[in-house]
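What follows is a short report on a single structure.
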Amino acid sequence: MTIANKFLPLRKGLLEFLVLKIVSVDKVYVAEILARLNKTDFATGEGTLYPLLSRLRRENLLEYEWVESESGPPRKYYQLTENGKKQLQELESYWQKLGATVKSLGGPNE
Amino acid sequence: MNKVVTINLGGNAYQLEEKAYDKLQKYLASAWTKLADDPDKDEILADFERTIAEKCDGYLKARKTVVTEAEVEKIIKQMGPVEPAKSESSEDESKEPESQPKRLYTLKEGGIIGGVCSGLAAYFNIDVTVVRLIFILLIFASAGFWLLVYVLAMLLLPEAQTPEQKAELRGEKFSAQDVLKRAKKKYADVSSNEHWQQVADQTKPMLSRGGQVILNIFKIVALATAIALSITVGLLTAVWVGSLWWLIFAHPHFTDQLSTISLWTVGLGFTAVYLLTVLPILLVAYVANRLRKADEKSTQDGRWIGVGGALWIAAAALLLGVVLTVGGRAHEFQQSHGYINVDGQHNICINNDLCNDPAQVQSQYYYHYENGHLYELR
């Protein structure tokens, strides 16, 4: 089992957090979200992303609007709702807490 | 030269090689099944179609109007496997345990003989050992009738083979997630050397210490039962062999109306009775013994039980034949001799003309039966 595999469930669970982070910066469409993720360890495909986005929209964390594109079909551009922003803040602070815990455990200044 | 299929993706027409179309079709169909539980299934599939359309656009030029199989393969690879988004929020979870209508199947995995008990156990969601215990008690209490119920259930119930059927048996909703879970689990099981041990462990999930004690007592009882029944079978066999020897060497003479029946018929009758009693006892002893060693798996079970069952049915037919023959001969005798021999000593006359014929007289006493009284004729 590789190191990356050991964290597979963790990475899967973090995907929602990261997608919210990416969407929080700017209105984006799926290809852009993927382009940003695919540079990292969190590379994924539309097969995973669309169901996730649709769930986040159902949970009222983000919304989308249709934008015509010069080439091809119109695209869905996603952005955070007020709810989504609040959730992202909570996730951020929780993630920091987790990070701090990981750092401090086993360290000298416990 | 490849055939080309024209499809509609997100409102535009695209031309695909036939094989490319097949692959795409398969991908979308699997997406559809995997997302069966997703309330936004239709929208997500529309999203997929638009994405595929966009990606196809990337491969098309003015002089290249058809998307090839290799290109579709690339597109599918890029999109990755479809993963349904699991909901963490509690409101969605409450909706999740939607129960499906249950259906009873036999379940071979974890089963010992026909999987009837393990199927019932899965259906009612109780420990399979409890079901077996109940079944054995019922078989004893009903003098074997429930054995027939078991055999009928084994023959008539379909076997749960596909994961869908197994989910249906437990009344679970069958989703793509389950398939993946089961597939992974199965892989882990098979890749382990102690595959059967694991399967056996799964069949007795989390027995408490009390449960373990009961299981041990149960095993001892099963062993004692198996031994006691084996001894019974041995005694019955001795009786059967002894009776055949008696027929062959003692040449017994039967009462008048049975005297025309061949000793072969009687021997066959004995044999049929012997098989009819011994086979069910053997089956119970065998089951008791298998229950004791439920962890081990034997693939021979079904065949032996099939042979035993066939033999039992043959014995039943044989006994019926013997009884009919004996009855027919006795009836013929009564018709031609005019009396019925009751106990070797006393004859009851049913036809005065024949009874009084000295040529027919073989026994000492003749009676005429009337109004509940026997009247001596001579």
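Only the coordinates and a few stated rules stand behind these numbers; no lab work does. This one's a predicted model, so the numbers in the text were calculated from it and none came from an experiment. FYI the Cβ positions are ideal-geometry reconstructions off the backbone, even for glycines, and counts take in every protein chain you see.
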Please count, across chain A, the pairs of lysine residues with Cα atoms under 21 Å apart that sit 8 or more places apart or on different chains. 18
Taking the alpha-carbon centroid of each part, what is the distance from region B:51-75 to region A:17-84 in angstrom? 23 Å
For region A:9-104, what is the per residue volume of the convex hull drawn over the alpha-carbon atoms, in cubic angstrom? 107 Å³
Hull-based mean projected area of region B:1-48, where the convex hull spans the alpha carbons, in square nanometres: 3.3 nm²
Among residues other than B:K77 whose Cβ falls under 14 Å from its Cβ, what is the net charge (Lys/Arg +1, Asp/Glu -1)? 0
